[in-house]
Amino acid sequence: MSVRIFVPCDAAAVAVGADEVAAAIAKEAAKLGQEVHIVRNGSRGAFELETLVEVDTADGRIGYGPVYPEDVAGLFTAGFLTGGKHAKRVGKPEELPFFKRQTRLMFARCGITDPQSLEDFRAHGGGLGLERALKLGSAGILDEVAKSGLRGRGGAGFPTGIKWKTVADAPGSPKYLVCNADEGDSGNFADRMVMEGDPFLLIEGMAIAALATGATKGYVYIRSEYPHAVAAMRKAIETARRAGILGPNVGGSDHAFDMEVRVGAGAYVCGEETALLDSIEGKRGQVRAKPPLPAHKGLFGKPTVINNVLSFAAVPWILAEGAAAYQALGVGRSRGTMPIQIAGDVKHGGLFEAPFGITLGELVDEVAGGTLSGKPVRAVQVGGPLGAYFPRAMFDTPLDYEAFAAKDGLVGHGSVVVFNDSVDMKAQARYALEFCAFESCGKCTPCRIGAVRGVETIDKLTAGDGPAKQMEILKDLCETMKFGSLCALGGFTPYPVMSAVTHFPEDFAVDQRAAEPAA
Amino acid sequence: MSSPEPFTAERAVEIISAHADQDGALLPVLHALQHTFGCVPPEAVPIVAGALNLSRADVHGVVTFYHDYRQTPASGRVLKLCRAEACQARGANAVIAKVEKALGVAMGETTKDGKVTLEPTFCLGLCASGPAAMLDERVVARLDDAGRLKALIEEARS
């Protein structure tokens, strides 16, 4: 009898040898005359277990990890095809504490199914959201998304329902959808996992948005650093087109909608929505001044919904299960679940989907299990390179847009990067400015010049060149960048810089005290 | 990775016309040119401009704006090491120092034998498995493991 074996195709598994593991399993099975059927699933998101090989046994799926090619022969000897004992046996993955604590709505299928199998997608609840959306029609969908309380998952947290309604009501044709998959923020990989591990989910979400807004064309703009995601999305779009999910009659309706992947070219700033639009149009990825809003004049000057991958990916569940069920999760004005990405120096890093409200401390100490290095945690950067560094004293902050904003931080795209006590916070502040200078699109002065001056100022500070004065200049620069920049790149770079200054003053030398304005 | 073809205007025209017929064609056209020639050759710029009804300055501006586009082919294999925060937190700076020492070059340089070009990258989305790298189009992670790092350096040099 052929045994089904799952070997993830996610880039994070491939990067630690998943392709070689799959080949080794096929080879060893052939040698032993054992029939196996290898399924390349997505990753479940517990990255320290990759390559997590799962075997479909009479007792359910049993996992082994991390498996390297050299482990494969031993796994066969241990009888892993029937769930045999082995040092790398982790049991049923869903029973692991890391997964047991999660509420997986968006990531319900990721790691379970074959991402390129539409059959598998449907067998695991895929497509139900679109089915209901087709019955509800535009007004019904807009109502449902608005009532769910869904806010843009890219970082800005703008209510998705309002954005969609604005485009639905805007005059002009054609209307476009743009999916921002330019996931350039360090610490973030949820978009990548969706595209590689459950691409039909994104297609379903965008098809629903098309029905709601009247858009006929959707672009998925993926960064060039994600070749696996590009390939996976292109293949899935092709399949969806053949199945009639995309094309002239979406899901059998009279609404036409098709999708296309566009690949970025290594400019971080294109993750900013208006720069991204310019990039698709074939221009330098420079930020546009707003207004006009993309919802009124977006791609090619037409009404455009631009949403992050996770915003579109949240919608199928909302439609399938109802806005009330989604709205019931979360805290304050942050409703539903957030796919939190835990990275950096942690024991258990990866994708952790949970309702808003979980505290930073719970995430770092309980879910992630502290540092991998065993050193104490010193700082946590939440929300990517433009997010603030929080010290342990702020670990009671719940994951919630407003709670983070109140503490001069960002939820951003939901990444949590943990640093141990060897981190030099002045170096991190310098890095944030250096990164901003490297990636600035150059359109506005505070960002273009401010970031360069910021790096120079920190270097002078380090050299002991009038430290008190340099601190004053640094703070002043940050103020200017925060309030004077056109977009979040220049506008948010002060978050990591000023949080480092505020919460870790000891790293900026004693002269810091002289620089404090008299309170 | 297959080695780049030498530039010819005929081949460039062929590639451009295969991609020109779409909205916002410039980036797809430039990607396709670079895929074939290993770079966007300066000789191709006026041809692209003519085909897409843009000025040469427009095309040049786009080519030089995006970090990905090269104006000369990279020498040998391209090894990109991630230097973003999550990889830093997992020891990327030490890995970068080791690779620079082993190859005898700094970031942005090519080895004397022309076999490897070392470049920085900012996040490959492998943030819980870092330090991470990309050798041509292949991603590699867990480079804190000395054996894995050594194997990567050897592969890059081969």
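Things to note:
- Three-way shape label, the protein assembly as shown, alpha-carbon gyration tensor, a/c 1.5: rounded
- Residues A:VAL36, A:VAL305, A:VAL411, A:VAL501 arranged by fewest to most Cβ contacts within 10 Å: A:VAL36, A:VAL501, A:VAL411, A:VAL305
- Cut-off under 5 Å, modelled amide H: who pairs with A:LYS407 long-range: none
- Angle of helix B:26-37 to the longest C-alpha principal axis of chain B, folded into 0 to 90 degrees and rounded to 10: 70°.
- Extension gain, A:ASP459-A:SER173: 0.36 nm per intervening residue step, less the Cα-Cα distance, totals 97.8 nm.
- Formal net charge of residues neighbouring B:GLN34 (Cβ-Cβ distance under 11 Å; K, R +1; D, E -1): 0
- Using Cβ point charges alone (K and R +1, D and E -1), the dipole size of region B:77-157 about the Cα centre works out to roughly 140 debye.
- Cross-link reach list, lysines versus A:LYS92, counting only Cα pairs under 27 Å and skipping chain neighbours closer than eight places: A:LYS27, A:LYS100, A:LYS347
- Residues whose placed amide H lies under 5 Å from that of A:ALA78, excluding near-sequence neighbours: none
- For A:VAL346, the residues whose amide H sits under 5 Å from its own are A:LEU372, ignoring neighbours fewer than 5 places away on the same chain, with H placed 1.01 Å from N.
- Dipole magnitude for the protein assembly as shown: about 440 debye, using +1 per Lys or Arg Cβ and -1 per Asp or Glu Cβ, origin at the Cα centre.
- Each Cα pair under 8 Å and six or more residues apart adds its separation to the average, and for chain B the resulting relative contact order is 20 percent.
- Here's the picture: charge each Lys and Arg Cβ at +1 and each Asp and Glu Cβ at -1 in the protein assembly as shown, and of B:ALA44, A:THR77, B:PRO6 the one pushed furthest to the positive end of that dipole is B:ALA44.
- Simple rule: put +1 on each Lys or Arg Cβ and -1 on each Asp or Glu Cβ in chain A, find the dipole, and look at A:GLN116, A:ALA275, A:VAL67; the Cα lying farthest toward the positive end is A:ALA275.
- Here A:MET1 and A:ARG333 are evaluated by their C-beta separation; at R0 = 56 Å the FRET efficiency comes out at 0.60.
- Applying the Karplus relation 6.51 cos²θ - 1.76 cosθ + 1.60 with θ = phi - 60° to region A:242-255 yields 3J(HN,Hα) values of 5, 7, x, 6, 10, x, x, 9, 4, x, x, 7, 9, 8 Hz, where x marks Gly and Pro.
- Beta bridge orientation in region B:77-157: antiparallel %, DSSP, nearest 5: 55 percent
- Beta bridges from DSSP with both residues in the protein assembly as shown: antiparallel share about 55 percent, rounded to the nearest 5.
- Couplings 3J(HN,Hα) of region A:456-466, computed from phi: 4, 5, 5, 5, 5, 4, 5, 6, x, 7, x Hz, in residue order, whole Hz [Karplus 6.51 cos²θ - 1.76 cosθ + 1.60, θ = phi - 60°; x for Gly and Pro].
- Candidate lysines for bridging to A:LYS290, where Cα separation is under 18 Å - those fewer than 8 sequence places away on the same chain excluded: A:LYS163, A:LYS302, A:LYS443, A:LYS482
- Whole-Hz Karplus values for region A:83-99 come out as x, x, 5, 7, 4, 9, 6, 10, x, 6, x, 5, 8, 5, x, 4, 8 Hz, taken residue by residue from phi with 6.51 cos²θ - 1.76 cosθ + 1.60 and θ = phi - 60°; glycine and proline positions read x.
- Folded to 0 to 90 degrees: helix B:146-157 orientation relative to chain B principal axis, Cα: 30 degrees
- Test item: B:62-71 mean partner chain Cβ contacts at 10 Å: 5
- Helices in chain A, meaning DSSP H runs of at least 4 residues, each add -39500 (n - 2.57). Divided by all residues, the mean residue ellipticity at 222 nm is -12000 deg cm²/dmol.
- Relative contact order (%) - region A:118-327, alpha-carbon pairs under 8 angstrom, separation at least six: 32 percent
- Three-way shape label, region A:118-327, alpha-carbon gyration tensor, a/c 1.5: rounded
- A cut-off under 14 angstrom between Cβ atoms defines the neighbours of A:GLY336, and their net charge, with Lys, Arg +1 and Asp, Glu -1, is +2.
- Prolate/oblate/rounded call for region B:77-157, Cα gyration tensor, a/c under 1.5 rounded: prolate
- Unsatisfied cross-links (Cα-Cα over 23 Å) in the set A:LYS147/A:LYS235; A:LYS235/B:LYS80; B:LYS80/B:LYS112; A:LYS88/B:LYS98; A:LYS375/B:LYS80: A:LYS147/A:LYS235; A:LYS235/B:LYS80; A:LYS88/B:LYS98; A:LYS375/B:LYS80
Bear in mind that the values in this text are calculations on the coordinates, not laboratory data. Being a predicted model, the structure only gives us computed values, none of them experimental. Backbone-built Cβ (ideal geometry, glycine too); neighbour counts: all protein chains shown.
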